[in-house]
Amino acid sequence: AKYMIIDGNRVEFNDEPNILALVRKAGIDLPTFCYYSDLSIYGACRMCVVEDQWGGIIASCSTPPKDKMEVKTNTPKLHQHRKMILELLLAAHCRDCTVCDKNGKCRLQELAHRFGIKSVRFENKTEEMELDTSSASIIRDPGKCILCGDCVRMCNEIQNVGAIDFAHRGAKMIVSPAFNKKIAETNCVNCGQCAAVCPTAAITVKSDLKDVWKAIYNPKKRVVVQVAPAVRVALGEEFHMKAGENVIGKIVAALRRLGFDAIFDTSVGADLTIMEESKELLKKLEAGENKYPLFTSCCPGWIRYAETKHKELLPYISTCKSPMEMFGAVIKEHFKGLDSTEGVETVSVAIMPCSAKKYEASREEFKRNDIPDVDYVITTIELVKMIKEIGIQFEEIEPEAPDMPFSLYSGAGVIFGVTGGVTEAAVRRVVADKSPKALKDIEFLGLRGMEGVKVCELQVEENSIVRIGVVSGLANAEALIEKIESGEEHFDFVEVMACPGGCIAGAGQPFSHKEEKNARALGMYKADKVSQIKRCEENPLMLSLYNGMLKHRTHELLHVSYRK
Ligand code: HC1
Ligand code: SF4
């Protein structure tokens, strides 16, 4: 086997891409900013330097391992070098840590602490830079950027959006939208994946907590809340629980203590979505061959991507509102009568793993009489902050159930939160065989797993095969779209989620690497396993909604057109 000597220890390697991976394999957590294992190699922060046997300093993240090479990670020269970089970064960085959104989560803060930096020898000569608050989803604070480039690579390589890039040279270099535009004036899709990988607070997800607290404390407001599927398998991470552990019961209990008046689960909305989307799919299959598939519509990042880059696809995107917006409309309708008799006003809040949902909630399409169906979206992390502020002992709290009358949902609705889940839910609905064996067969169709592109075929009737594509990460979507447009591949149904892995990896979730994301995905499927209702149509709530509120109003309450 090939090996390297790291700090005197032999470390074998085969396909590790760089020396940094080997150093980590040797159990050393080198301090780095720019190396995020899911992104490509850049070598910008130069914190991960090691010394070779000739005393040369090399960036371990951008150097491939060499057989029998010797390196050291801990020498006086390296120590000085890293401290110097940190001090230079700190010199050009705002140091108001106590009032920073990333306080306690910032990589620069953490490394300054690890290195015991007590003073900075250099004067800060950088000019003050303006905040960019133009977006409904993210805030850019260029003064806090350390030029690691992770956001740029995420936006360009993984998402194929290219809304931000490096501008200027040398000491004037910044990360910015082209021509110094505001982020909201670019083709940013609001997925927030830039914020998800930003080690500091240079890009953060916008907070709406102030407004939510205000509503909760206002006796004239009925504050109703829905919780998205993916939140339940990630929130526990912030309270010393394992990634993937389903804490929905504890979340419901915490929301009650926080003062929310009615608590529901967005999975109900997901069941509604599949009731509608499966109808569209069956109609499409009946209509026969078409160059384009039916695309899913629940991810607002994907919708924005189609609107900015692929207008030609808009007629083929499902007209279903997202589960959040379907449920938002149903919730507002449900409380309408009560509100006027009780003299209160319903405020609808959604807890989402996502930054793009903030943007979705603000879209004109989701306002009726100028009032949004979902008033505020807050992220998993924002909910964590609420829980911590009040001092709820989340680890100790006993699980509780959501409120009537929307307390039931299917496991199919829950798995929406992971790539492939929307499709699996739809397949369960359209397959005629409802036996447990059929359910197992669907499980092994190839829809599950964290791969960015999945293709599978499904036999619906004797001689009709449905071809399905499932993609997450917009660059993967782009590649599939190109194949569809060139005629190289044909699909009947395509699920697109902007975030790699689906909503479990949304920008509103706790910071995560692959391991946590994989565990969250498994957690979603486990939640489905233990749920008694497996298909949307088995949810008794659907029947009562379709016989009641939705009887003549599915179009108005559940559908939307993005084709304007
Ligand atoms: Fe999602 Fe969805 S799965 S989009 O990721 O369709 O955000 O979790 O709530 O609306 O249900 C997000 C998650 C979420 C919607 C559902
Ligand atoms: Fe939001 Fe989910 Fe889309 Fe990511 S995949 S942008 S979390 S809806």
Take the alpha carbon atoms of region 442-507, find their radius of gyration, then divide it by 2.2 N^0.38 Å using N residues; give the quotient. 1.16
If the convex hull of the alpha-carbon atoms of region 1-145 is projected onto planes in all directions, what is the mean projected area in square nanometres? 10.4 nm²
Computed on Cα atoms only, the convex hull of region 387-461 has an orientation-averaged projected area in nm² of 8.2 nm²
Long-range amide H partners of MET549, meaning residues 5 or more apart or on another chain whose placed amide H is closer than 5 Å, are none
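Restricting the count to DSSP beta bridges whose residues both fall in the chain, what percent are antiparallel, rounded to a multiple of 5?
55 percent
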For LYS221, what residues show an amide H to amide H distance below 5 Å, using hydrogens built from the backbone and excluding near sequence neighbours? GLU345
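Could you order peptides 395-405, 322-332 by the average number of other Cβ atoms within 10 Å of their residues, highest first?
So the order, starting with the most tightly packed, is 322-332, 395-405.
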Looking at the square roots a ≥ b ≥ c of the eigenvalues of the Cα gyration tensor of region 221-294, which shape do they give, rounded for a/c under 1.5, prolate if a/b is larger than b/c, or oblate? oblate
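What does the charge count near GLU342 come to, summing +1 for each Lys or Arg and -1 for each Asp or Glu among other residues with Cβ under 14 Å from its Cβ?
On the way: positive: LYS220, LYS221, ARG222, LYS336; negative: ASP261, ASP339, GLU345.
Overall, the nearby charge balance is +1.
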Give me the Å³ per residue figure for the convex hull around the C-alpha atoms of region 328-392. 104 Å³
Note to self: with every protein chain in place and a 1.4 Å probe, the chain gives an accessible area per residue in Å² of 44 Å²
If the only charges are +1 at each Lys and Arg Cβ and -1 at each Asp and Glu Cβ, what is the size of the charge dipole of the chain around the Cα centre, to the nearest 20 debye? 1220 debye
Residue-wise HN-Hα coupling along region 505-515, computed from phi with Karplus coefficients 6.51, -1.76, 1.60 (Hz; x: Gly, Pro): 9, x, 6, x, 7, x, 4, 8, 10, 3, 4
Along each of the three principal axes of the Cα atoms of the chain, give the extent in whole Å, ordering the values from largest to smallest. 77, 59, 48
Under 12 Å, Cβ to Cβ, from VAL470 - net charge with Lys/Arg +1 and Asp/Glu -1: 0
Top positive-direction residue, dipole computed over the chain with Cβ charges, set LEU20, GLY244, ALA254: LEU20
Scan around PHE295 for amide H atoms under 5 Å from its own, H built in the peptide plane at 1.01 Å from N, and keep only partners 5 or more places away or cross-chain. ILE317, SER318, VAL494
Among ASN476, SER355, SER561, whose Cα sits farthest toward the positive end of the charge dipole of the chain (+1 at Cβ of Lys/Arg, -1 at Cβ of Asp/Glu, about the Cα centre)? SER355
Work out from phi, with θ = phi - 60° and the Karplus expression 6.51 cos²θ - 1.76 cosθ + 1.60, the ³J(HN,Hα) of each residue of region 247-255, listed in order in whole Hz, and give x for Gly and Pro. 10, 4, x, 5, 4, 4, 4, 5, 4
As a Kirkwood estimate from alpha-carbon pairs, region 294-424 has a hydrodynamic radius in angstrom of 17.0 Å
Suppose we look only past 25 Å in the calculated P(r) of region 387-519. What percent of the Cα-Cα pairs does that tail hold? 41 percent
How large is Rg over Rh for region 108-219, taking Rg from the Cα atoms and Rh as the Kirkwood inverse mean of 1/r across Cα pairs? 1.04
Derived scalar couplings ³J(HN,Hα) [region 189-203; Karplus, 6.51 cos²θ - 1.76 cosθ + 1.60; whole Hz; x for Gly, Pro]: 9, 6, 5, x, 5, 4, 5, 5, 9, 5, x, 10, 9, 5, 9
Where q = 0.19 Å⁻¹, what log10 of I(q)/I(0) comes from the Debye formula for region 453-564, counting one point per Cα? -1.23
Sum of side-chain charges, PRO300 neighbourhood, beta-carbon under 13 Å (Lys, Arg +1; Asp, Glu -1): +1
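The values are calculated or read from the model by the stated rules, or taken from the named source; none is laboratory data. No experiment lies behind these values; they were computed from the predicted model shown. Ideal geometry is used to build each Cβ from the backbone, glycine not excepted, and the neighbour counts take in all protein chains shown. Calculation scope for accessible area: heavy atoms of the full protein, side chains included, ligands and nucleic acids excluded. Shrake-Rupley method; radii C 1.70, N 1.55, O 1.52, S 1.80 Å.
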